[in-house]
């Protein structure tokens, strides 16, 4: 295979395999990759008519999916567009073993790389994208028609672009977004706004990043790391869902000196409007707390976001807000066996705290097991099916059934979805923080006790304490201890690098760019623009000048210098005829001014060397010779004018 | 190339007056514009930039700047892949009417460069003559298609380069001074030939010069302008300052005269003559050409003589 085709293929496979793994690419693009891989080991060639047929089929399929999904979200067109680009790239790449136009595929590749950059934000994806981009550029430089022969020159072309890129990036201010694009497809939290055990057969553990949290003091203990996000207080017997909520607090004054930052959160984009928090303290910025203890915002997290939780400001505590009707309602027609146990406990004990304890005892003795793959529950009575038939489930089953049993025992309860745990990491400033990814997604219960308010109860901890104490069950299942340690260490350092990359590069905003501009220009927008334009044009001029100097013949510069020298000699009244050669002029100068004999000889030699040498003189030697000649010319002219002055 | 739509529109290239035998490419005679691929590249950058800005993605913005900087760096690279080249028209070989006609030019470069594509605008549907430019002299042969006999000027020569990444097209126009000849096609056929001596009365300024020896001089006669200098009797000249040509005694002509046959059409007759001349040249024979009283050439041999003969038959009655 030709070199440029090889580069194209590698570039394509890199981004598409990554896209597939990251679950961002349509399945039929993936099938295409598999076909391609098989073809690369066989001698089968796609005829153009076969490719046309595949194209027609794939694009029709895409069109059907597009029509089906167009009304599902406001950004369906955007994700469809990205998928169409990938699809077309995949189809075009089928022609790789035929005679195809490489330039077209390079354009498609660039668009695909751009799309992948837009929808994934991890360091790994950035590295893959930049590698694919370089491969695409290399393939362009190696095209048959116009191959750049010297690899050094290829490197130079790419190298010269880097100063312009960096200057543009750091000096040109970022524009404000003007299109209403919601990147709902960008990242998905491990949480949903409903909980229906009849729908989920297995829990998929995603390791994509969810948030980072910094603390003012020490990092909480493992058992205290509960990060609440969504509170589900409506229960119809089958599904737990979120009700409309009332706002608890007003916006606090950030400048109040009493406020101390207790938590700093950096969260990844997601679909939900709730933000994670510990449940202690008060938010600022656009965030507000609802009466059921959710931290809300008006918008969903379109971009990576940073916000703070403050302590030291007196406000009503959400834990003490009395339960609403939603939080006590129970549909008695569903899960009747569960309801019966709850009712029995309520009849037996009057103190809610004792009922709570007894329920926990019942759960611990019920012989339940924790599994990520319990299978689907009976859709009519899911919690009965879980507690009495399957006896296996994950956190959502435990929390849902526990809360339902509490309601059956006349104790208000609700399910909280959020994250439990987090990996402790020390960043480059030696500040430790918790890294929370989607594998820490968890669900627990909250019950209302009249004297204590809403308290947290985690029934999963009774059955699978290791789920709470260690990081997750997946790792202990899939890795042995040795490999686990290597993996965790690698993971830790990788996360560290990623955090540096994210903090120092991806979070660069206009205020940072502003700081790079000298203070004198910074304050006025006109002087600022002039400065930016000046810097950019300076780099452009330097690049253009470099090429100009590299391009013009050394003879030409040299002849300018010699012309200058001869004109100066004329001014110094040395007789020069039109038929004189440089050597004859030099002889004349030597005869008239004996003091400059040596220098004139040297000048003659260097002139003859440049003008008549058979060997090719290198670029650097040319520069050296030019400056040497310049020095000699200057010296000779100075000497002559000095002698002339004394004579006169 | 789609750019030719712009390049070749009459209003534009009528204004290009680079009629020189030598052209040095520089800022004054080079034009540059993004290619189709360059436009696609630019729009891809804009697409990534717009989405990167709206989705607040710094990395996408960085990539769009990187692609844009490649685009702009290519502006310089493509321009300087032609800047400084010296184009020179060289002496043209004689072409024949039944074959493809080629126009030769020489391009001098001070360093190694990318590929340069050349073609003649007046000729439609011809392939570009493409070559990588090395340091020193590079020779190009531009295909001009098939032509009928005559003497031609090549007209506008269009050259372009899209080195190194095809993002820009840099082009120039040039009208070389050197003309080229197209001789009639070489077709075998009857040719009127004669080996008899032509009397000096018939052709006063023509003289047979070959196979003579200085010992057997028959006599002298008055020199007529146009006769070979080698036939002049210099001794006589030194005596009476008048030019005389020598005539030889045992003169046996071993040359032939190729003449125009009158019965067949002119073009055909010329084609036959062309073939005959070429054959004689290959055999290194001595031959003369006589088309009519005004168009003739005294017998001779060698490449120069062949070229002169071909010039005469190319331009005869055109």
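Rundown of residues vs (1) farther than 27 Å from residue B:108 by Cβ; (2) at pLDDT 90 or above; (3) more than 9 Å from every other protein chain (Cβ to nearest Cβ), yes/no style:
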{"position": "B:24", "(1), (2), (3)": "no, no, yes"}
{"position": "B:46", "(1), (2), (3)": "yes, yes, yes"}
{"position": "B:51", "(1), (2), (3)": "yes, no, no"}
{"position": "B:57", "(1), (2), (3)": "yes, no, no"}
{"position": "B:62", "(1), (2), (3)": "yes, yes, no"}
{"position": "B:69", "(1), (2), (3)": "yes, yes, no"}
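Picking from residues in the stretch B:101-113 that are assigned to a strand (DSSP E or B) and within 11 Å of chain A (Cβ to nearest Cβ), the one that is surrounded by the fewest Cβ atoms within 10 Å (Cβ to Cβ) is B:108. Considering (1) within 14 Å of chain B (Cβ to nearest Cβ); (2) surrounded by fewer than 11 Cβ atoms within 10 Å (Cβ to Cβ), the lone condition that residue A:539 does not fulfil carries the number (2). I'd like to know if the stretch A:331-343 contains one or more residues that are in contact with a strand residue (DSSP E or B) (Cβ under 6 Å, 6 or more places away or on another chain), in the same structural domain as residue A:446 (by TED's automatic domain parsing) and touching a residue at least 24 places away in the same chain (Cβ under 8 Å). No, the stretch A:331-343 has no match at all.
For the stretch A:265-295, filtering for residues that are surrounded by fewer than 16 Cβ atoms within 10 Å (Cβ to Cβ) and at pLDDT 80 or above leaves 1. Only one entry in A:360, A:338, A:356 is at pLDDT 85 or above, in contact with a helix residue (DSSP H, G or I) (Cβ under 8 Å, 6 or more places away or on another chain), surrounded by fewer than 17 Cβ atoms within 10 Å (Cβ to Cβ) and not in a strand (DSSP E or B), namely A:360. When the stretch A:363-386 is filtered for residues that are in contact with a strand residue (DSSP E or B) (Cβ under 9 Å, 6 or more places away or on another chain), in contact (Cβ under 8 Å) with a residue 24 or more places away in the chain and crowded, with 16+ Cβ neighbours inside 10 Å, the ones remaining, listed by number, are A:368, A:370, A:374, A:377, A:386. Is the stretch B:32-44 home to any residue that is more than 10 Å from chain A (Cβ to nearest Cβ), at pLDDT below 90 and touching a strand residue (DSSP E or B) at 6+ places or on another chain (Cβ under 7 Å)? Checking the stretch B:32-44: not a single residue is more than 10 Å from chain A (Cβ to nearest Cβ), at pLDDT below 90 and touching a strand residue (DSSP E or B) at 6+ places or on another chain (Cβ under 7 Å). Does residue A:486 qualify as being assigned to a helix (DSSP H, G or I), buried (at least 18 other Cβ atoms within 10 Å of the Cβ) and at pLDDT below 75? Against the criterion (assigned to a helix (DSSP H, G or I), buried (at least 18 other Cβ atoms within 10 Å of the Cβ) and at pLDDT below 75), residue A:486 does not qualify.
Of all residues in the stretch A:314-335, those satisfying the criterion of being closer than 13 Å to residue A:410 by Cα and not in a loop (DSSP other than H, G, I, E, B) are A:325, A:326, A:327.
Conditions tested, residue by residue: (1) at pLDDT 85 or above; (2) within 13 Å of residue A:561 (Cα to Cα); (3) under 60 Å from the mean Cα position of the chain (by Cα); (4) not in a helix (DSSP H, G or I).
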| residue | (1), (2), (3), (4) |
| --- | --- |
| A:586 | yes, no, no, no |
| A:599 | yes, no, no, no |
| A:605 | yes, no, no, no |
| A:615 | no, no, yes, yes |
| A:626 | no, yes, yes, no |
| A:629 | yes, yes, yes, no |
| A:637 | yes, yes, no, no |
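Is there a residue in the stretch A:153-171 that is more than 11 Å from every other protein chain (Cβ to nearest Cβ), in contact with a helix residue (DSSP H, G or I) (Cβ under 6 Å, 6 or more places away or on another chain) and either surrounded by 14 or more Cβ atoms within 10 Å (Cβ to Cβ) or modelled with pLDDT under 70 (or both)? Scanning the stretch A:153-171, I find no residue that is more than 11 Å from every other protein chain (Cβ to nearest Cβ), in contact with a helix residue (DSSP H, G or I) (Cβ under 6 Å, 6 or more places away or on another chain) and either surrounded by 14 or more Cβ atoms within 10 Å (Cβ to Cβ) or modelled with pLDDT under 70 (or both), so the answer is no.
Take the residues in the stretch A:297-324 that are closer than 26 Å to residue A:445 by Cα, surrounded by fewer than 18 Cβ atoms within 10 Å (Cβ to Cβ) and at pLDDT below 80; name whichever of them is nearest to the other protein chains (Cβ to nearest Cβ). The qualifying residue nearest to the other protein chains (Cβ to nearest Cβ) is A:300. Looking at A:521, A:505, just one residue is in a helix (DSSP H, G or I), within 14 Å of chain B (Cβ to nearest Cβ) and either buried (at least 16 other Cβ atoms within 10 Å of the Cβ) or without any contact (Cβ under 8 Å) to a residue 24 or more places away in the chain (or both), and that residue is A:505. Within the set A:230, A:247, A:219, the sole residue that is under 30 Å from residue A:120 (Cα atoms), at pLDDT 70 or above and surrounded by fewer than 18 Cβ atoms within 10 Å (Cβ to Cβ) turns out to be A:219.
Scanning the stretch A:363-399 for residues that are farther than 20 Å from residue A:195 by Cβ and assigned to a helix (DSSP H, G or I) gives A:364, A:365.
The values are calculated or read from the model by the stated rules, or taken from the named source; none is laboratory data. In this text, all values refer to a predicted model and were calculated from it rather than measured experimentally. Cβ: placed from backbone, ideal geometry, glycine included. Neighbour counts: every protein chain shown.
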